[in-house]
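Data first, discussion second: the structure below is written as structure tokens.
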Amino acid sequence: MSATAQKRPSLDDKDFIRYSRQIFLPEVGEAGQLQLKQCHVVIIGCGGLGLLAAQYLACAGIGSITLVDDDRVELSNLPRQLLFSEADIGQHKALVAKQKLAVLAPNCQLFAFAQMLTLDSAESLLAHVATANRQQSALLLDCTDNLAARHSINQLCIEHALPLVSASIAAFNGQLFAVDQRRFPAGGCYHCVFPNDTYAPQNCSNQGVLGPSVGVMASMQALLAIQLLLSATAPILDHSTKPQAGGVEHLLGQFWRFDAKSLQWHSARLTRDSECEVCAPSWNANTAQALKSVHK
Amino acid sequence: MRFVVILIHLNNVPQTLQQPLSLQALLEAQNISQQSVALVLNETVVPRHRWSSILCHHEDKIDVFAVVAGG
């Protein structure tokens, strides 16, 4: 770690003005804004979801963001991937996004990887998030466009005990949830809901999608991420935890569905699958260890 | 002989069952491929491997929806 990164973070006068509307909120305040500055968010997929979520998070004062995507900008992306323009067509999304976000959010340290995230490449790619993750100030946003990637990402998050905020959208159907094996293990993981043999009939390429519905899901994903990062020191939860107004128990272990036609949301409680092929085997080994470190 | 009619709400549509059915049997009766959906029973997501062992009860609210993976 560099000497700069070890400095105690602080907010200067310009930061106070820039983030004043957030700092006004008692749920954020100066302490919360400082907390966000120390956070590292990994965003896998720089399409409609990832771009807008990255923009909100970078501009909200998240300290570091890692963007991962091996896709290149295409003309058909432009109606909903609003950071891109025709001049960017053919270029790597992650690299263009980094360049544009650097202008919008000069306080944010940006990393970009124009490659697919695989279980093999993940170790080195996520090494720089490890410190933040140990301090419970890291999380990963799944903004990908296919089920295989979503399954790999979930497995990765289980192995690294990294909180996962997953959003998806196709046609008029959006889905959103957050799981965290350290803070709310009873909520399970992505595989508990969608096991490996799941078939996904819907994606944006074969179903179509309207830009604003992607924006709704990306905004909710960013909102969920910010609130989870702000509450990272809250106690560990289980299903017996009584929900409190505005408490983190409303955010973890909930599965939201958005109907972009009727504009209605439905939520349901997630449950851990005791026979889950991904999180159940690692439950005793990894999660118990992670719980110990949280309790320290 | 007395028939027991079980009223359930499947995706907000009331349905009557003439006999107790498991969640899995309910999906089969509706020709819904289990591999492409998730299921919420009374506002709780039920892991797929438990569908065969849970019976539908009177006034159950069951939501079945396709997995969405796009972004």
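The values are calculated or read from the model by the stated rules, or taken from the named source; none is laboratory data. Bear in mind that the values here come from a model prediction, so they are computed numbers and not experimental data. When we count neighbours, we look across all protein chains shown, and the Cβ atoms used for this are built from the backbone with ideal geometry, even at glycine. The area values use the complete protein model at the heavy-atom level, side chains included, leaving out ligands, DNA and RNA. Shrake-Rupley method; radii C 1.70, N 1.55, O 1.52, S 1.80 Å.
Any residue at all in the range A:57-67 that's free of Cβ contacts under 8 Å to residues at least 60 places away in the same chain, within 14 Å of another protein chain (Cβ to nearest Cβ) and open to solvent by less than 10 Å² (accessible area, probe 1.4 Å)?
yes
Spot the failing condition for A:VAL129; the list is (1) part of a helix (DSSP H, G or I); (2) farther than 22 Å from A:GLN221 by Cα, and only one is missed.
(2)
Looking at the structure I just gave you, is A:ALA112 within 14 Å of chain B (Cβ to nearest Cβ), in contact with a strand residue (DSSP E or B) (Cβ under 8 Å, 6 or more places away or on another chain) and over 18 Å from A:ASP180 (Cα atoms)?
Considered against the rule, which asks whether it is within 14 Å of chain B (Cβ to nearest Cβ), in contact with a strand residue (DSSP E or B) (Cβ under 8 Å, 6 or more places away or on another chain) and over 18 Å from A:ASP180 (Cα atoms), A:ALA112 comes out as no.
If I ask for residues that are over 13 Å from A:ALA112 (Cβ atoms) and aliphatic (A, V, I, L, M), which ones from the range A:58-73 would you list?
Selection gives A:ALA60, A:ILE62, A:VAL73.
Of (1) at pLDDT below 95; (2) over 20 Å from A:ARG257 (Cα atoms); (3) open to solvent by less than 40 Å² (accessible area, probe 1.4 Å), B:ALA69 satisfies all except one. Which?
Result: B:ALA69 fails condition (2) only.
Looking at the structure I just gave you, is A:SER85 closer than 24 Å to A:ARG183 by Cα, of a type in the set (Gly, Ala, Ser) and open to solvent by less than 70 Å² (accessible area, probe 1.4 Å)?
When the stated conditions are applied, A:SER85 does not pass them.
So, in the range A:198-214, of the ones that are in a helix (DSSP H, G or I) and under 11 Å from B:GLY70 (Cβ atoms), which residue ends up modelled with the lowest pLDDT?
Looking at the filtered set, the residue picked out is A:CYS204.
Could you run through the range A:148-182 and say how many residues are among the basic types (Lys, Arg) and modelled with pLDDT under 90?
Matching residues across the range A:148-182 total 1.
Within the range A:150-169, take every residue that is within 16 Å of A:ASN133 (Cβ to Cβ) and part of a strand (DSSP E or B) and give me the one that is nearest to the other protein chains (Cβ to nearest Cβ).
Only one residue fits best here, namely A:VAL165.
Which of the residues spanning the range A:7-51 are surrounded by fewer than 21 Cβ atoms within 10 Å (Cβ to Cβ) and on the phi > 0 side of the Ramachandran plot?
Matches in the range A:7-51: A:GLY29 only.
Condition check ((1) under 30 Å from B:VAL67 (Cα atoms); (2) touching a Phe, Trp or Tyr at 6+ places or on another chain (Cβ under 8 Å); (3) at pLDDT 90 or above; (4) polar (S, T, N, Q)) across all residues:
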{"residue": "A:ALA94", "(1), (2), (3), (4)": "yes, yes, yes, no"}
{"residue": "A:GLN109", "(1), (2), (3), (4)": "no, no, yes, yes"}
{"residue": "A:LEU119", "(1), (2), (3), (4)": "yes, no, no, no"}
{"residue": "A:HIS128", "(1), (2), (3), (4)": "no, yes, no, no"}
{"residue": "A:ASN133", "(1), (2), (3), (4)": "yes, no, no, yes"}
{"residue": "A:LEU139", "(1), (2), (3), (4)": "yes, no, yes, no"}
{"residue": "A:CYS143", "(1), (2), (3), (4)": "yes, no, yes, no"}
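How many of the residues in the range B:36-71 are within 21 Å of A:ASN146 (Cα to Cα), within 7 Å of chain A (Cβ to nearest Cβ) and of a type outside the set (Ser, Thr, Tyr)? Before the answer, list the steps.
Residues of the range B:36-71 that are within 21 Å of A:ASN146 (Cα to Cα), as a first pass: B:36-39, B:47-48, B:64-71.
If we keep only those that are within 7 Å of chain A (Cβ to nearest Cβ) as well, we get B:36, B:38, B:47-48, B:65-71.
Checking the rest, the ones that are also of a type outside the set (Ser, Thr, Tyr) come to B:38, B:47-48, B:65-71.
Within the range B:36-71, residues that are within 21 Å of A:ASN146 (Cα to Cα), within 7 Å of chain A (Cβ to nearest Cβ) and of a type outside the set (Ser, Thr, Tyr) number 10.
Quick check on A:LEU156: is it crowded, with 22+ Cβ neighbours inside 10 Å and under 19 Å from the mean Cα position of the chain (by Cα)?
yes
Being small (Gly, Ala, Ser), touching a residue at least 40 places away in the same chain (Cβ under 8 Å), open to solvent by less than 20 Å² (accessible area, probe 1.4 Å) and more than 14 Å from chain B (Cβ to nearest Cβ), is that true of even one residue in the range A:170-181?
no
Just checking, how many residues over the range A:117-149 are open to solvent by less than 10 Å² (accessible area, probe 1.4 Å), without any contact (Cβ under 8 Å) to a residue 60 or more places away in the chain and within 11 Å of another protein chain (Cβ to nearest Cβ)?
Residues that pass the stated criteria total 0.
Could you grab me the full set of residues in the range B:37-59 that are assigned to a helix (DSSP H, G or I) and surrounded by fewer than 17 Cβ atoms within 10 Å (Cβ to Cβ)? Steps first, please.
Initial filter on the range B:37-59 (assigned to a helix (DSSP H, G or I)): B:48-53.
Once the filter is applied, which keeps residues that are assigned to a helix (DSSP H, G or I) and surrounded by fewer than 17 Cβ atoms within 10 Å (Cβ to Cβ), the range B:37-59 yields B:HIS49, B:SER52, B:SER53.
Return yes or no: is B:LEU26 more than 14 Å from every other protein chain (Cβ to nearest Cβ), surrounded by 18 or more Cβ atoms within 10 Å (Cβ to Cβ) and at pLDDT 95 or above?
In short, yes.
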